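Encoded as structure tokens, the structure appears first; notes follow it.
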Ligand SMILES: Cc1cc2nc3c(=O)[nH]c(=O)nc-3n(C[C@H](O)[C@H](O)[C@H](O)COP(=O)(O)OP(=O)(O)OC[C@H]3O[C@@H](n4cnc5c(N)ncnc54)[C@H](O)[C@@H]3O)c2cc1C
Ligand code: FES
């Protein structure tokens, strides 16, 4: 039965959920204990995945805000976008180095796993004690799924790829997760990636219909030009989409033909879309880069509600 003490959360399509606040629990914890699924990631107040807004437009992080009676909050995504995840068996088709610091893995699923471009999965490969999170780099229509994996020396995933992985290895995939997905609005869209933060952005760009798209700009940032990858895929996309492509490397030799500097400095290079309140932005990569890009875009008057981000925080 409805109670005035219940917390009410309204999704962007107008659908709402009500649940009782649990003393000593966060809003997210209270929602989950009542059997609801909401988007979350770090669950410690850093990644902003769980962000909602109150009636005055103030941001409320559901994972760290204590549940209080009668709260009313709005979410920037639709309820069907956070359906409970599914578990799938998968087998590796192929894997290779895409640059000195990035692996690309291609795999097939036993049964399809629908997802929105930009979402991620949890994968558990043989010999790994706990799953790791990676974003799909393929469009949902793709027959294979593709992951871009940063090579972290000593990392469980990296060690598997460097030492044990072979085609036909079986593993499990759970998902999809996340609300960092492409919104079908008519606003110009800016994408800013740091390193393998490019993966969900390639998925989004590959899903866009060239006939109906607004103008697009991508900044693909790499620590060093030797880390740069997926350049051919990006250039191919730029042939069919109205896409301004800026490749940025913090460190580069004279052979590098892109911008030298970080992705935030590269914002000054954008010529084809306005960097103001008309534009929507998608930011993905290391938390420091994502936060710096967000601040820089807010300073240029992009609307906070039109900036979407995914921070590649470490799996705990
Ligand atoms: C929603 C989401 C989506 C993600 N998508 C991708 C993706 O598409 N591609 C991708 O490459 N990564 C992605 N990540 C990051 C990835 O999940 C982690 O980096 C992962 O745990 C690395 O696994 P590993 O087994 O190689 O290293 P681990 O065994 O987990 O860690 C090895 C060492 O590296 C450090 N470390 C791990 N991750 C990071 C990091 N991100 N930054 C700095 N130090 C780190 C650890 O502290 C540890 O010392 C995503 C993360 C999230 C939360
Ligand atoms: S899940 Fe709440 S901020 Fe990360």
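Some points to look at:
- Tally, over the stretch 279-314, of residues that are surrounded by 15 or more Cβ atoms within 10 Å (Cβ to Cβ) and either under 15 Å from the mean Cα position of the chain (by Cα) or at positive phi (or both): 21
- Qualifying residue in the stretch 88-95 (condition: within 21 Å of residue 221 (Cα to Cα) and either assigned by TED's automatic domain parsing to the domain that holds residue 200 or in a strand (DSSP E or B) (or both)): no
- In the stretch 158-170, residue farthest from residue 109 (Cα to Cα) [restricted to those that are more than 13 Å from ligand 1 (Cβ to nearest atom) and in contact with a strand residue (DSSP E or B) (Cβ under 6 Å, 6 or more places away or on another chain)]: 167
- In the stretch 3-28, of all residues being within 30 Å of residue 285 (Cβ to Cβ) and buried (at least 18 other Cβ atoms within 10 Å of the Cβ), the one that is nearest to ligand 2 (Cβ to nearest atom) corresponds to 28.
- Residues that are surrounded by fewer than 18 Cβ atoms within 10 Å (Cβ to Cβ) and either out of contact with any helix residue (DSSP H, G or I) (no Cβ under 8 Å at 6 or more places or on another chain) or assigned by TED's automatic domain parsing to the domain that holds residue 202 (or both), drawn from the stretch 143-160: 143, 144, 153, 154, 155, 156, 158, 159
- Residue in the stretch 121-136 that is assigned to a loop (DSSP other than H, G, I, E, B), away from ligand 1 (no atom under 13 Å from the Cβ), in the same structural domain as residue 148 (by TED's automatic domain parsing) and within 18 Å of the chain's Cα centre (by Cα) present: no
Table: residues versus (1) surrounded by fewer than 19 Cβ atoms within 10 Å (Cβ to Cβ); (2) within 13 Å of ligand 2 (Cβ to nearest atom).
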position	(1), (2)
46	yes, yes
71	no, no
79	no, no
84	yes, no
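The values are calculated or read from the model by the stated rules, or taken from the named source; none is laboratory data. The shown structure was predicted, so the numbers you read here are calculated from the model rather than taken from an experiment. Glycine gets a Cβ as well: all are built from the backbone with ideal geometry, and neighbour counts include every protein chain shown.
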